[in-house]
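Please read through the structure below; I'll follow up with questions.
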Amino acid sequence: MGFRVWVLSILILHGVFARIGVAEGEGSHRTERISGSAGDVLEDDPVGRLKVFVYELPSKYNKKIVQKDPRCLTHMFAAEIFMHRFLLSSPVRTLNPEEADWFYTPVYTTCDLTPNGLPLPFKSPRMMRSAIKLISTSWPYWNRTEGADHFFVVPHDFGACFHYQEEKAIERGILPLLKRATLVQTFGQSNHVCLKEGSITIPPYAPPQKMQAHLIPPDIPRSIFVYFRGLFYDVGNDPEGGYYARGARASIWENFKNNPLFDISADHPTTYYEDMQRAVFCLCPLGWAPWSPRLVEGVVFGCIPVIIADDIVLPFADAIPWEEIGVFVAEKDVPNLDKILTSIPTEVILRKQRLLANPSMKQAMLFPQPGQPGDAFHQILNGLARKLPHDKSIYLSPGNKVLNWTAGPVGDLKPW
Ligand SMILES: *[C@@H]1O[C@H](CO)[C@@H](O)[C@H](O)[C@H]1NC(C)=O
Ligand SMILES: *[C@@H]1O[C@H](CO)[C@@H](O)[C@H](O)[C@H]1NC(C)=O
């Protein structure tokens, strides 16, 4: 592109930004609801549609773990903790297990952090096994279905495969004892051994108060075209390159580091949240796992998420119209990202922004304390309610066993 053409396109884009900036505005008449099922499902109220029994476990499975490491309350896997707290005072909770539709086991398997704050799920299988042993011997409900009416929150990178490296996670597979349970997990990728049918994909935890505190006035124009902050290479864990983000992040950097439309960098500025509110497009490429908190941040800050993660299964995909609010770019098309994004018509951008401005879209991405109608807790309950009534075939005849308690790596069978 010659210099003059380049200047001209920047000017045209600035014109677009000004209008785009005005279009944003929470709660204003310019927000737009998706008509039909998606918008309605998002505002469903789960109360009265299901009853959940919360097992009472010794605090070493939950409270004590957080006391030992309060960092677990703010990391992106914190949904396992807040879902527990939410359920304890939720109107869907029942104290009578005989009338429960779903059973919940509050076990914080992801709260085991390295000094740098990275969660390592190496003890998770033993801890989970120990908790299931306990509920199955102390109450009759596990044996009745071997877990088919039980749900577990497993927010780690690859869910109940319990490893942060994809190859190892695939090799491990889903913990055998959870084969019949419903898994509530952040990991979502179609045709992947770590996502079984019937799982509920949730957003990662992003701190609602902190995000709220960084909101800027909605009429500030979106003067950044494409925004991204984060790693392009993970030299520590992937010295040769190519594994991390399957090369997609490296490709973003190599192709667009000098492109003036791309505000991208590996530095994490203190104005990160504000910058997203000043951007039209926010890149959400895969990292080690396909998902990242950028999805949540994009929706909350009205920055159109550009999802680069082939076959990703997005959070609450039955309620959130991801195709309409986001832009999907195949990993192999990253070198054309500039052309793809600049060729999206202004009307399409404006419509996506109006949809993103819908407060119920944002609410569904967040785990606020206390919970609020339509938030991510409610979307999880809606997902569980939609799976009811349970098929009669889940109830096993007495003495009939399906799960194999000695399957899986030998290390997982050691006591926790
Ligand atoms: C459930 O079955 C296991 C054997 O698989 C048994 O050890 C346990 O006691 C049973 N639980 C109850 C509550 O009967
Ligand atoms: C359970 O798994 C172990 C280990 O893979 C295997 O040796 C055993 O035969 C299995 N038991 C049954 C009943 O399938």
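Read the figures in this text as sums done on the coordinates, not as results from a lab. Quick caveat, the model's predicted, so the values are computed rather than measured. Cβ: placed from backbone, ideal geometry, glycine included. Neighbour counts: every protein chain shown.
HN-Hα J couplings of segment 332-342 from phi, Karplus 6.51/-1.76/1.60, θ = phi - 60°, integer Hz, Gly and Pro as x?
6, 8, 3, x, 9, 3, 4, 5, 4, 6, 6
Write down the percent of antiparallel bridges among all DSSP beta bridges whose residues are both part of the chain, to the nearest 5.
Details: 2 of 27 bridges.
Of those bridges, close to 5 percent are antiparallel.
Follow-up question, since we're still on this one. Please go through segment 355-416 and write out the trypsin sites (Lys or Arg not before Pro) that DSSP classes as loop and that have at most 10 other C-beta atoms within 10 Å. Don't skip to the end; give the middle numbers.
Values: sites: K362, R386, K387, K392, K401; in loops: K387, K401.
Hits after loop and neighbour filter: K401.
A further question on this structure: Nearest 20 debye, what's the magnitude of the dipole of segment 198-267 about its Cα centre given +1 on Lys and Arg Cβ and -1 on Asp and Glu Cβ?
Dipole size: approximately 200 debye.
Going by amide H atoms built from the backbone, whose H comes under 5 Å of the H on Q189, apart from near neighbours?
For Q189, whose amide H was placed from the backbone, the distant partners under 5 Å are V313.
For Y273, Y243, Y205, what ranking results if the residue with the fewest other Cβ atoms within 10 Å of its Cβ goes first? Could the numbers behind the result be given before it?
Values: Y273 19, Y243 15, Y205 24.
Ascending number of Cβ neighbours within 10 Å: Y243, Y273, Y205.
Let a ≥ b ≥ c be the square roots of the eigenvalues of the Cα gyration tensor of segment 75-181; is it rounded (a/c under 1.5), or, if not, prolate (a/b larger than b/c) or oblate? The partial results should precede the final answer.
Numbers: a/c = 2.32, a/b = 1.46, b/c = 1.59.
In terms of gyration-tensor shape, oblate.
For segment 146-190, what are Rg and Dmax over the alpha carbons, in angstrom?
Using the Cα atoms of segment 146-190, the pair Rg, Dmax is 10.2, 30 Å.
Please report the relative contact order for segment 173-283, taking Cα pairs under 8 Å with a sequence separation of at least 6, and give it as a percent rounded to a whole number. If you can, show how the numbers build up before the last one.
Details: 115 pairs, mean separation 33.4, N = 111.
It rounds to 30 percent for segment 173-283.
Using the crude model of +1 on Lys and Arg Cβ and -1 on Asp and Glu Cβ, and no other charge, please compute the dipole size for segment 115-246 relative to its Cα centre, in debye to 20. Don't skip to the answer; put the middle values down first.
Working: 14 positive and 11 negative charges, 97 e Å.
Once rounded to the nearest 20, the dipole reads 460 debye.
Go through the cysteines of the chain and tell me which have no other cysteine Cβ under 4.7 Å away.
C284
Determine the relative contact order of segment 180-224: mean sequence separation of Cα pairs under 8 Å and six or more apart, normalised by residue count, in whole percent.
Working: 25 pairs, mean separation 14.5, N = 45.
Over segment 180-224, the number comes to 32 percent.
Continuing with this model, one more query. Using alpha-carbon pairs under 8 Å, 6+ residues apart, how would you state the relative contact order of the chain in percent? Show your work: numbers first, answer last.
Numbers: 723 pairs, mean separation 90.9, N = 416.
Relative contact order for the chain comes out at 22 percent.
Can I ask one more? Work out the FRET efficiency for L413 and N116 from their Cβ-Cβ distance, taking R0 = 22 Å, and round it to the nearest 0.05.
Working: r = 29 Å, r/R0 = 1.34.
With a Förster radius of 22 Å, E is 0.15.
Now for a different question. Quickly estimate the mean residue ellipticity at 222 nm for the chain, helices only: each DSSP H run with n ≥ 4 gives -39500 (n - 2.57), and the total goes over all residues, rounded to 500. Show your work: numbers first, answer last.
Numbers: 16 runs with 135 residues, N = 416.
Rounded to the nearest 500, it is -9000 deg cm²/dmol.
Between K339 and K210, what is the label-point separation in nm under the 7 Å Cα-to-beta-carbon projection?
3.9 nm
Still on this structure: Using a Gaussian network model on the chain with a 10 Å cutoff between Cα atoms, which of D391, D311, D263 fluctuates the most?
Result for the chain, Cα springs under 10 Å: D391 fluctuates most.
Give me the three principal axis extents of segment 264-400 from the C-alpha atoms, as integers in angstrom, largest value leading.
Cα extents, longest axis first: 61, 37, 33 Å.
Using the count of nearby Cβ atoms within 10 Å as a rough guide to exposure, how do L118, L231 rank from fewest to most?
Values: L118 11, L231 19.
Listed from fewest to most nearby Cβ atoms, that is L118, L231.
Right, another one. Choose one of A266, S397, P345: the residue whose Cα lies farthest towards the positive end of the charge dipole of the chain (beta-carbon charges +1 Lys, Arg; -1 Asp, Glu; about the Cα centre).
Result: S397.
I need the phi-derived Karplus couplings for segment 161-178: 6.51 cos²θ - 1.76 cosθ + 1.60, θ = phi - 60°, integer Hz, Gly and Pro marked x.
7, 6, 8, 8, 9, 4, 4, 5, 4, 5, 4, 5, x, 5, 3, x, 5, 9
If you take the beta carbon distance between K123 and Q165 as r and set R0 to 22 Å, what does 1/(1 + (r/R0)^6) give as a FRET efficiency, to the nearest 0.05?
On the way: r = 17 Å, r/R0 = 0.75.
The value I calculate is 0.85.
Treating only the Cβ of Lys, Arg, Asp and Glu as charged (+1, +1, -1, -1), what charge dipole size does segment 155-218 show about its Cα centre? Round to the nearest 20 debye.
Working: 6 positive and 5 negative charges, 43 e Å.
Charge dipole of segment 155-218: 200 debye, to the nearest 20.
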